[in-house]
Amino acid sequence: MAINNPYQAYQNNTVTTASPGELTLMLYNGCLKFTNLAKKAIEQKNIEEKNKNIQKAQNIIQELMVTLNMDLAVSRNMMTLYDFIHNRLVEANIKNDIAAIEEVEELVSEFRDTWKQVIQLNRQQQYAAQGGQA
C-alpha cells in the first residue's frame, strides 16, 4: 500500500525503525500529548473530545503495562505506578478533573525525562565501547 502523505510516511518509518527504548519514549510523549488535549477539551466543555483523548492516554498506559518485564523488581514498582496513573485517568474522565490529569502529566513527564536520560547514557556507552568511531 503506497502512502501519499509524506508526513505519514515519515511517521511510519520513525516507528518501524525505532529501538524499544525510543518507542517507550514515543509512548510517554504521546500520553502527554493526549492528556494535554483532554485538559483543553474539559476547559472547552467538549466532553466527546475529552473522552477520546483520555482513552488514548489510557491505552498508552495499558500498553506500557503489558510490555513490562515482570521478572524485574523495578517493573513491579512501575506496574503499581502505571496502575495508579490509569486509575487517575479514569477518575479524570468521570469527574472532568483537570487536577487529576495534571497529576498524571507530572508523573509521566518524570518517567519520560528519566527514560530520555537512560537512552542518552546508553548511546554514550555504545559510542565509547566502539572506541568513539561512528
Within a Gaussian network of the chain (alpha carbon springs, distance under 10 Å), most fluctuating of K52, K33, K95: K95
Pairwise label distance in nanometres, D113 with V74, each label 7 Å out on the Cα-Cβ vector: 1.8
For V118, V104, order by how many other beta-carbon atoms lie within 10 Å, fewest first: V118, V104
Answer label, with semi-axes √(5λ) of the Cα gyration tensor in Å calculated from the coordinates and candidates (i) 40, 15, 12; (ii) 30, 21, 13; (iii) 31, 15, 12: (ii)
The chain: calculated mean residue ellipticity at 222 nm from DSSP helix runs of at least 4, using -39500 (n - 2.57): -29000 deg cm²/dmol
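Any read-out appearing in this document is the output of simple, stated calculations on the displayed coordinates, not a laboratory observation. All figures in this text were calculated on a predicted structure; none of them were measured in a lab. Cβ sites come from the backbone with ideal geometry, for glycine too, and all protein chains shown count toward neighbours.
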